[in-house]
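Below is one structure, written out as structure tokens; comments come after it.
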Amino acid sequence: MPEIKIFNPDALGKPLGQYSQVTRVKASEFLFIAGQVATDRAGKVVGAGDFDAQCVQTFANIGTALQSCGASFGNVVEFTTYLVDANDIPKFMQFRLREFPRLLPNGAYPPNTLLIIGRLVKEEFLIEVQTVAAV
């Protein structure tokens, strides 16, 4: 398991949510998981129009990708989250409050950059999450 140290330097000020602004990692390798979206194994969109269902499926896909490399959410050192509607930010924060304690039981939430963009690869997608993990 890599040595992951979570820092929250006072010089950066208080984060906007429950996550770290800086993560220091000593690892033998990194996993860069391409942006995951709400698709099932057949490539069909899950939860069209349902933001929460898309969050659940997206993070399930990330979990599957991590497991395929012998890793878990505890290895994640950074998320980049893309939303197409700024009105979904509170919904994403509710999802995080509900699900991150289960996904990251040690309470060390990695940095998360949240971006609002015009559109994802398919119009039905409401969220995409890119992930970096250290193993």
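Here's how it looks for residue 39: its modeled amide H is under 5 Å from those of 46, which are all 5 or more places away or on a different chain. So if R0 is 22 Å, what FRET efficiency would residue 69 and residue 103 give, r being the distance between their Cβ atoms, rounded to the nearest 0.05? Using R0 = 22 Å, I get an efficiency of 0.85. Close amide-amide hydrogen proximity is noted between residue 109 and 20, each under 5 Å apart and 5 or more residues distant or on a separate chain (H modeled in the peptide plane; Pro and chain starts excluded). Qualifying trypsin sites (Lys or Arg not before Pro) in region 96-135, where qualification requires a DSSP coil assignment and no more than 15 other C-beta atoms within 10 Å, comprise 119, 122. For region 107-112, 3J(HN,Hα) computed residue by residue from phi via the Karplus equation (6.51, -1.76, 1.60; θ = phi - 60°) reads x, 8, 7, x, x, 9 Hz, glycine and proline entered as x. In order along region 50-60, the phi-based Karplus estimate (6.51 cos²θ - 1.76 cosθ + 1.60, θ = phi - 60°) of 3J(HN,Hα) comes to 10, 4, 5, 4, 5, 4, 4, 5, 4, 6, 5 Hz; Gly and Pro are listed as x. Bin by bin, in steps of 5 Å, what percent of the Cα pairs in region 47-124 do you find, going until the bin that has the longest distance? Final binned percentages: 3, 13, 23, 29, 18, 11, 3, 0.
Read-outs throughout are calculated quantities, based only on the coordinates presented, and are distinct from any laboratory measurement. Here the structure is a predicted model, which is why all the values come from computation and not from measurement. A quick note on method: Cβ atoms are made from the backbone with ideal geometry, for glycine too, and the neighbour counts reach across all protein chains shown.
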